Amino acid sequence: MTDHPLVSIIMAAKDTEPYLPGCLDSILHQAYQNWELIAVNDHSSDRTPEILQQYAGKDPRIRVFHSDRPKLIPTLQVGYQHSEGMLINRMDSDDRMPQYKLKALVDEWMKHGKGTIIAGGTEHFVEKGTVGDGFLRYERWLNQVVAHSTHYEEIYQECVIPSHCWIIHRDDFDKVGAFDPEVYPEDYDLCFRFYKAGIPVVGINRILHYWRDRSDRISRTWEEYKDNRYFDLKLRYFYELDRDRSRPLVLWGAGRNGKDMAKALQAYHDPFHWVCDNENKLGKDIYGVKMQHCNDIPGFENPQIIVVVTSPADKESIRIQLASWGKRPVEDFWFFA
């Protein structure tokens with residue numbers, strides 16, 4: 001291991017002509033200089049390939065390839081195949097890096113070495129108008145996760161490590177399957193694979209990425225991202241990694257999320273208690289399950305609890321209530337919404 005390991009930045013690029021020069025300039029201006037950019041064009045219909053080639057002609061650290069199959073994950077796979085760095089990072093072709101990003105990630109990684117993921121904070125931006133409220137809420141939540149390195153405690157709530165804001169040793173990346181699984185959302189699935197492999201995440205309480213919000217970003221337009229609760233993905237990993245069928249299962253929440261989660265749970269043929277604090281729903285039979293009061297939870301023997309409420313105030317209240325009953329995140333309860 002050298003003091004300045006080579007960082008491979010893997011970037012898929014599709015029809016980002018208006019934003020690409022700003023993205024590439026932010027990479028060229030990095031304080032940390034030992035990097036390579038593996039930029040892969042994903043069947044663009046604008047000047048994206050031409051811009052990539054222009055920048056590659058100016059700096060040999062930029063290498064350009066073309067995806068043989070359309071869509072994001074196959075494009076990332078091509079990029080990774082051509083990478084040579086010891087450390088791996090990913091970049092989106094419409095975003096920007098602060099000048100200190102790679103240096104901060106590498107410096108922190110050098111303190112821990114192989115077997116650790118380093119992740120940083122993000123900040124959304126737009127050229128005109130304002131960033132959407134949903135993305136701002138996600139940003140605030142995510143940066144709190146980073147500040148306290150609670151990535152795995154919060155993993156069932158939302159994607160805890162954005163696709164562009166981490167660095168990892170190549171061997172560790174290969175260990176979790178790199179970009180091989182064609183599962184969307186690809187960044188969230190990767191988080192769960194990190195979690196499954198037991199690779200610790202160290203957060204840097206600093207903004208390391210400027211994330212562009214635009215009306216045609218894939219998280220707004222792709223079918224795979226349409227229902228951004230990702231209950232199917234979350235439950236698949238929950239049953240693989242955390243569900244102990246010897247313990248009773250409790251579902252907390254009777255709103256739309258609670259009802260959708262109840263239906264999803266029934267597909268696993270795993271009986272569960274369903275609780276809420278809505279007096280109008282208590283005692284009712286919904287989908288064959290009788291609604292109980294959340295205060296019944298202490299009467300269940302060592303339960304595992306899935307919480308699907310959405311209000312931040314309600315979530316904080318539930319955390320306090322669960323803690324008063326001796327329940328702990330990761331071991332006993334998980335927020336799924």
Exercise. Got a sec? Charge dipole of segment 7-225, +1 on Cβ for Lys and Arg, -1 for Asp and Glu; which of 66, 31, 11 is way out at the positive end?
Worked result: 31
For this session: Mind listing the long-range amide H neighbours of residue 149? Cut-off is under 5 Å, sequence gap 5 or more, other chains count too, H placed in the peptide plane at 1.01 Å from N.
Result: 203
Exercise. What are the ³J(HN,Hα) values, in whole Hz, obtained from phi via the Karplus relation 6.51 cos²θ - 1.76 cosθ + 1.60 with θ = phi - 60°, for each residue of segment 4-20 in sequence order, with x given for Gly and Pro?
Worked result: 9, x, 5, 9, 8, 9, 9, 9, 8, 9, 9, 6, 10, 3, x, 10, 4
Seminar exercise, completed: Taking a straight Cα-to-Cα line shorter than 30 Å from residue 263, and setting aside same-chain lysines fewer than 8 residues away, one finds 196, 226, 234, 281, 284, 290, 315, 327
For this session: Report, in whole Å, the centroid distance computed from the Cα atoms of segment 90-147 and segment 257-302.
Result: 37
Problem set entry | Residues of type lysines that residue 14 reaches as a straight line, Cα spacing below 18 Å, ignoring anything fewer than 8 places off in the same chain | 71
For this session: Compute the relative contact order of segment 242-335 as a whole-number percentage, counting only Cα pairs closer than 8 Å that sit 6 or more residues apart in sequence.
Result: 32
Exercise. Can you list the residues, at least 5 places off or on another chain, whose amide H is less than 5 Å from the amide H of residue 65, using H built in the peptide plane?
Worked result: 39, 40, 41
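Treating only the Cβ atoms of Lys and Arg (+1) and Asp and Glu (-1) as charged, compute the dipole magnitude of the chain about its Cα centre; round to the nearest 20 debye. The partial results should precede the final answer.
Details: 42 positive and 51 negative charges, 78 e Å.
Dipole magnitude for the chain comes out near 380 debye.
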Problem set entry | Helix-derived mean residue ellipticity, 222 nm - over the chain, DSSP H n ≥ 4, -39500 (n - 2.57), to 500 | -9500 deg cm²/dmol
Exercise. Where the only charges are on Cβ atoms (+1 Lys, Arg; -1 Asp, Glu), what is the dipole of segment 269-312 about its Cα centre, to the nearest 20 debye?
Worked result: 120
Problem set entry | Derived scalar couplings ³J(HN,Hα) [segment 56-67; Karplus, 6.51 cos²θ - 1.76 cosθ + 1.60; whole Hz; x for Gly, Pro] | 5, x, 8, 9, x, 6, 9, 10, 10, 9, 10, 6
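Given a Förster distance of 30 Å, report the FRET efficiency between residue 330 and residue 285 from their Cβ-Cβ distance, rounded to the nearest 0.05. Mind dumping the intermediate values first?
On the way: r = 32 Å, r/R0 = 1.07.
That pair, residue 330 with residue 285, gives E of 0.40.
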For this session: Name the long-range amide H neighbours of residue 35: under 5 Å, sequence gap of 5 or more, or other chain; modelled H, no Pro or chain starts.
Result: 7
Seminar exercise, completed: Scalar couplings 3J(HN,Hα) for segment 97-103 by Karplus 6.51 cos²θ - 1.76 cosθ + 1.60 (θ = phi - 60°), nearest whole Hz, x for Gly and Pro, are 9, x, 4, 8, 4, 5, 4
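Every number in this text was worked out from the coordinates using simple rules, so none of it is lab data. Every value quoted in this text rests on a predicted model; they were computed, and no experiment measured them. Cβ: placed from backbone, ideal geometry, glycine included. Neighbour counts: every protein chain shown.
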